[in-house]
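Here's the structure, in structure tokens; my notes come after.
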Amino acid sequence: MAISQVRRLVISRAPSVIRSRSLTTCRSLSRLVTEKDVLVEGIGSGTSLRPVSSLPRPSGICWNTSMLKLQHGTRSFSSEAPLHAVVAMPALSPTMNQGNIAKWRKKEGDKIEAGDVICEIETDKATLEFESQEEGFLAKILVPEGSKDIPVGQPIYITVEDADDIKNVPSDISGNSEEKEPKEEASATKDVGTQISIADLPPHAVLDMPALSPTMNQGNIVNWRKKEGDKIEVGDILCEIETDKATLEFESLEEGFLAKILVPEGSKDVLVGQPIAITVEDPDDIKKIPSTLSGASTPEVKEEKSAHQAVDKEGKLQKTGFTRISPSAKLLITEFGLDASSLHASGPLGTLLKGDVLAAIKSGKGSSGPSHVSKDKTSQSTQSLPQTPGVSSSESRSSDSYEDFPNSQIRKVIAKRLLESKMTTPHLYLSSDVILDPLLAFRKDLKEKHDIKVSVNDIVIKAVALALRNVPEANAYWSAEKEEVILCDSVDISIAVATEKGLMTPIVRNADQKSISAISTEVKELAEKARAGKLMPNEFQGGTFSISNLGMFPVDRFCAIINPPQACIMAVGRGNKVVEPSIDSDGIEKPAVVTRMNVTLSADHRVFDGKVGSSFLSALNSNFSDIRRFLL
């Protein structure tokens, strides 16, 4: 894969290189945080302050000290670590927030000179080369080759100035490891919650984030109705949970006391199954629950609990009965006429939850014969659970074969932006047929008389550019900030080019001022660069109008999706020979064979109205009918 080179990096969102220096050779560096352009370094029991500006900064990089800690996850090493630099994933385009490590050009231990290519990074636009800004030695690669979706600011490698220091860089450093504390301090500040087991806790129940809808996989804690220490009765509302459908109340299924809230009010995107609270039966046991326990520090408790459940399942041969049932689960069983004995209870103390019934409905399990509900409800449940006689829907789904096809970073961005365009831009579609015969005759003359080979698409670009110059209202875009139409000064045509990684749109700038042969040469060069991944950002960012041509395929007409922030894209179909009446030179109407080509505009209705669209299509039709207009 050929790669475009990035000679200078100017990153305003986050720094690319972080220097970590040891201040002494006998004591350990325990903290490194930034606050208001001041570096705070804790050494032993004392603390020293000095401006961040005293640290060396590579040229060409804008530092944002307020984000230094969070963006890059700076690692603090002991004083035995040598002088080194931690290099983070850079932002190689304005819209880039993550990237993929396509290839490492340097290996650990290699000498690095200023300007050497360290690695190839696949961004949301193209694959670019990441060059070193200073000399040294590559001591440690933190993110291996082929890693996907590396956030901007995450450390990717470490360099040192002296080759002898390579062996002194700790080998257990990784790109996503947490900040390493000295062993002395780590033993004193270790989270108590992570060392808790069931044996250390009083009798209790861990409440997980429930699945309150079939499609729910995470939710938000909107409000806690109960406080820690409150008495809980069966049916009491513990909290309000916002799902992907609505905000619902979470009821308690048994009595007790709320000992600990693990996920605070206002927490977002809490995964289904994550512990959110702990209850106890005896109020005296509340104080025995450690105050340091949190939702993130309960995995050991959950794992030990699940291990006991697994042992129970092996001994009881998949027990499916239940000792308790929630009111909402009972209502669903009655409404859908399910066989309650076939449902599996996942709640505490063998309680059948609403989520258990919804899961059974979704999988098609638990359906029974006639129920006590009305015929209408029975028919509705039958329609919602279609099954083939003798074969359950779950079995039929498991027999289907499929293959996961991973998307490239470019395709992910294309999918996201096209969806946003279709949902946020009011699309107006205008279609027209143009006569291609004058264009084809002109193309033939260029080849035979002047030995100039151009494609139909090259002439289409020229015709569109001249039409935009004649109708400047069509060469515009919508400004969301100003809420008005902005006219563009130049006519820059974006050409859709299909590549292995996705659709790219290289730009022919000032197309109205270039000859057809110049446009043809430039389009060929841009298309080759796009397919090889060599396009520079200025060659595909921008543009005032797009053309998508499928005329080389058996496609008569189609509608394209606008490429924001542009306001229009023209879809070009193939030329078809048709018979239509034509007036001969003697004034007699006779049948004639002509070549027609369909063009369809997808326009932003905030910029284009019927008048602008029809004026543009009229000008375009005139350019195709009389090629001499290209000389005007």
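The values are calculated or read from the model by the stated rules, or taken from the named source; none is laboratory data. Just so we're clear, the structure is a prediction, and the values are computed from it rather than from any experiment. Cβ: placed from backbone, ideal geometry, glycine included. Neighbour counts: every protein chain shown. Remember, those area values only see protein heavy atoms, side chains included, never the ligands or the DNA or RNA. Shrake-Rupley method; radii C 1.70, N 1.55, O 1.52, S 1.80 Å.
The table for this structure:
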item	result
Enumeration of residues in segment 549-578 that are among the polar types (S, T, N, Q) and either open to solvent by 20 Å² or more (accessible area, probe 1.4 Å) or in contact with a His (Cβ under 9 Å, 6 or more places away or on another chain) (or both)	Asn549, Asn563, Asn576
Failed item in (1) open to solvent by 80 Å² or more (accessible area, probe 1.4 Å); (2) farther than 29 Å from Val485 by Cβ, with His605 passing the rest	(2)
Test result for Phe624, surrounded by 20 or more Cβ atoms within 10 Å (Cβ to Cβ), within 44 Å of the chain's Cα centre (by Cα) and farther than 27 Å from Ala498 by Cα	no
All positions within segment 131-144 that are of a type outside the set (Phe, Trp, Tyr) and either in a loop (DSSP other than H, G, I, E, B) or over 30 Å from Val497 (Cβ atoms) (or both)	Ser132, Gln133, Glu134, Glu135, Gly136, Leu138, Ala139, Lys140, Ile141, Leu142, Val143, Pro144
All strands (runs of 3 or more DSSP E) inside segment 490-573 with 2 or more residues being touching a residue at least 60 places away in the same chain (Cβ under 8 Å) and over 18 Å from Leu620 (Cβ atoms)	502-504
Matching residues, segment 477-504, being within 21 Å of Val572 (Cβ to Cβ) and of a type in the set (Gly, Ala, Ser)	Ser494, Ala496, Ala498, Gly502
Of all residues in segment 374-397 being out of contact with any Gly (no Cβ under 8 Å at 6 or more places or on another chain) and either part of a loop (DSSP other than H, G, I, E, B) or at pLDDT 50 or above (or both), the one that is most open to solvent (accessible area, probe 1.4 Å)	Pro389
Total residues in segment 518-539, condition buried (at least 20 other Cβ atoms within 10 Å of the Cβ), under 15 Å from Ala496 (Cβ atoms) and in contact with a Ser or Thr (Cβ under 6 Å, 6 or more places away or on another chain)	1
Answer residue from segment 325-364, given it is touching a Gly at 6+ places or on another chain (Cβ under 6 Å) and under 24 Å from Glu249 (Cβ atoms) and is modelled with the lowest pLDDT among those	Leu353
Residue match in segment 536-558 (condition: among the hydrophobic types (A, V, I, L, M, F, W, C), touching a helix residue (DSSP H, G or I) at 6+ places or on another chain (Cβ under 6 Å) and farther than 18 Å from Ala463 by Cα)	no
Of the criteria (1) at pLDDT 90 or above; (2) within 30 Å of Asp124 (Cα to Cα); (3) in contact with a helix residue (DSSP H, G or I) (Cβ under 8 Å, 6 or more places away or on another chain); (4) open to solvent by less than 40 Å² (accessible area, probe 1.4 Å), which one Leu487 fails	(4)
Evaluation of Ala619 against (1) touching a strand residue (DSSP E or B) at 6+ places or on another chain (Cβ under 7 Å); (2) under 28 Å from Ser455 (Cβ atoms); (3) not in a strand (DSSP E or B) (one fails), failing number	(1)
Filter result (more than 25 Å from the chain's Cα centre (by Cα) and farther than 17 Å from Asp433 by Cβ) within segment 556-568	Cys568
Only listed residue being within 15 Å of Pro564 (Cα to Cα) and open to solvent by less than 70 Å² (accessible area, probe 1.4 Å), chosen from Ser515, Ser421	Ser421
Any hit, segment 574-587, residues being of a type in the set (A, V, I, L, M) and assigned to a loop (DSSP other than H, G, I, E, B)	no
Qualifying residue in segment 152-170 (condition: under 30 Å from Leu503 (Cα atoms), among the acidic types (Asp, Glu), open to solvent by less than 70 Å² (accessible area, probe 1.4 Å) and modelled with pLDDT of 85 or more)	no
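Residues checked against (1) over 15 Å from Ala532 (Cα atoms); (2) free of Cβ contacts under 8 Å to residues at least 12 places away in the same chain; (3) assigned to a loop (DSSP other than H, G, I, E, B); (4) open to solvent by 30 Å² or more (accessible area, probe 1.4 Å):
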residue	(1), (2), (3), (4)
Met96	yes, no, yes, no
Asn100	yes, no, no, no
Lys103	yes, no, no, yes
Lys106	yes, no, yes, yes
Gly109	yes, no, yes, yes
Ala114	yes, no, yes, yes
Cys119	yes, no, no, no
Asp124	yes, no, yes, no
Glu129	no, no, no, no
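Yes/no per residue for (1) over 38 Å from the mean Cα position of the chain (by Cα); (2) crowded, with 21+ Cβ neighbours inside 10 Å; (3) part of a strand (DSSP E or B):
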position	(1), (2), (3)
Lys226	no, no, no
Val234	yes, no, no
Glu249	no, no, yes
Glu254	yes, no, no
Ala259	yes, yes, yes
Ser267	no, no, no
